[in-house]
Amino acid sequence: MTKKTDAIYAAPLQELIDFQFDERVVAVFPDMIQRSVPGYGMIISNIGILAGKYAQAGSHCYDLGCSLGAATLAMRQRITQPDCDIIAVDSSPAMIERGRELLALDSVTTVPVTMICADIQKVSIENASVIVLNFTLQFIPPAERLALIQRIYSGLNKGGVLILSEKIAFSEPWRQNIHEELHHDFKRANGYSDLEISQKRSALEKVMIPETLACHQERLKLSGFSSSDLWFQCFNFASIVAIK
Ligand code: GEK
């Protein structure tokens, strides 16, 4: 399948509205995320590897903020434990509609998948062995993040994992600047213009709020996770695996 190119912010916009996961974004999403998030493809395939290792027989695996289900499909390929299923949740109706179409084309059918259009802050999480928050927590208001992580912790079985990927911030301004510049270089190298980069950045400003790695790790500890390891970082994009 050919990917439709993201040109949403290519022309000057009179009025910049806050970023939304609507039909226009859904239509170009695979291209947008690949060209915007360093290491996205690698993270997705390794979520599959992690799920293959940590999925427990007879448990649920969750993909929270699944978008089109890339992490779901990677997990589905790798889970071999019996009687597992995957519950993929996203609050964007357009994402879920397209995600279900892509799911129907998937040739791996051994692990059942349910795609649900809902707010991840409201779905029940229980008997879980693998929970994925792949670039989703950053869209939850910071004051509500602890409650979500605590609910995730209590829904996980012992030995289960949370895979948390985020755009991260740095407390020292010089370090923040270096990583931001490198990320913009990455986007330029992938064909985005300076105008596209700056318009998208403004659109995301109020809806996507990155925090430092230390802040994420403290919250995980506070919620009860016995360990949290950084397994991926490229510039200001990182992924942590936390074990219950
Ligand atoms: C991937 N994980 O390709 N409840 C449910 N979904 C939400 C909520 C919420 N409260 N807030 C935001 N979302 C995916 C990529 S994208 C990341 C995740 C990005 C959803 C939102 O609709 C969008 O689909 C997703 O979180 C974030 O592995 O675009 O930077």
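Inside the stretch 216-234, can you point out the residues that are in contact (Cβ under 8 Å) with a residue 12 or more places away in the chain, surrounded by fewer than 19 Cβ atoms within 10 Å (Cβ to Cβ) and not polar (S, T, N, Q)? Listed by number, the residues that qualify are 222, 224, 229, 230, 231, 232, 234. Taken together, 181, 196 contain a single residue that is under 22 Å from residue 32 (Cα atoms), outside any loop (DSSP other than H, G, I, E, B) and open to solvent by 60 Å² or more (accessible area, probe 1.4 Å), which is 181.
Just so you know, in the stretch 11-42 the residues that are open to solvent by 50 Å² or more (accessible area, probe 1.4 Å) and of a type in the set (A, V, I, L, M, F, W, C) include one that is nearest to residue 138 (Cα to Cα), and it is 21. For the stretch 117-127, which residues satisfy the criterion of being within 12 Å of the ligand (Cβ to nearest atom) and of a type in the set (Gly, Ala, Ser)? If the condition is that a residue be within 12 Å of the ligand (Cβ to nearest atom) and of a type in the set (Gly, Ala, Ser), then 118 is the only one that fits.
Of the residues 130, 108, the single one that is modelled with pLDDT under 95, more than 8 Å from the ligand (Cβ to nearest atom) and not in a helix (DSSP H, G or I) is 108. Every residue in the stretch 40-64 that is small (Gly, Ala, Ser) and assigned to a helix (DSSP H, G or I), please. Within the stretch 40-64, 41, 45, 48, 51, 52 meet the criteria.
This table checks each residue for (1) without any contact (Cβ under 8 Å) to a residue 40 or more places away in the chain; (2) open to solvent by less than 30 Å² (accessible area, probe 1.4 Å); (3) touching a helix residue (DSSP H, G or I) at 6+ places or on another chain (Cβ under 8 Å); (4) in a helix (DSSP H, G or I).
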| site | (1), (2), (3), (4) |
| --- | --- |
| 143 | yes, no, no, yes |
| 152 | no, yes, yes, yes |
| 161 | no, yes, yes, no |
| 166 | no, yes, yes, no |
| 175 | yes, no, no, yes |
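Taken as a whole, the structure leaves residue 52 outside the set of residues that are within 17 Å of residue 166 (Cα to Cα) and either more than 10 Å from the ligand (Cβ to nearest atom) or touching an Asp or Glu at 6+ places or on another chain (Cβ under 9 Å) (or both).
Taking residues in the stretch 65-89 that are assigned to a helix (DSSP H, G or I), and partners anywhere that are among the small types (Gly, Ala, Ser) and within 16 Å of the ligand (Cβ to nearest atom), the pairs with Cβ atoms closer than 7 Å and at least 6 places apart or on different chains are 72/88; 74/45; 74/48; 75/48; 75/51; 77/48; 78/48; 78/51. Filter the stretch 61-81 for residues that are under 23 Å from residue 116 (Cβ atoms) and surrounded by fewer than 22 Cβ atoms within 10 Å (Cβ to Cβ) and give the result. Hits for the stretch 61-81 are 77, 78, 81.
The values are calculated or read from the model by the stated rules, or taken from the named source; none is laboratory data. What you see is a predicted model, and the numbers here were worked out from it, not measured in a lab. Glycine also receives a Cβ, built like all others from the backbone with ideal geometry; neighbour counts cover every protein chain displayed. Ligands, DNA and RNA are stripped out before the accessible areas are found, and what is left, the full protein with its side chains, is counted by its heavy atoms. Shrake-Rupley method; radii C 1.70, N 1.55, O 1.52, S 1.80 Å.
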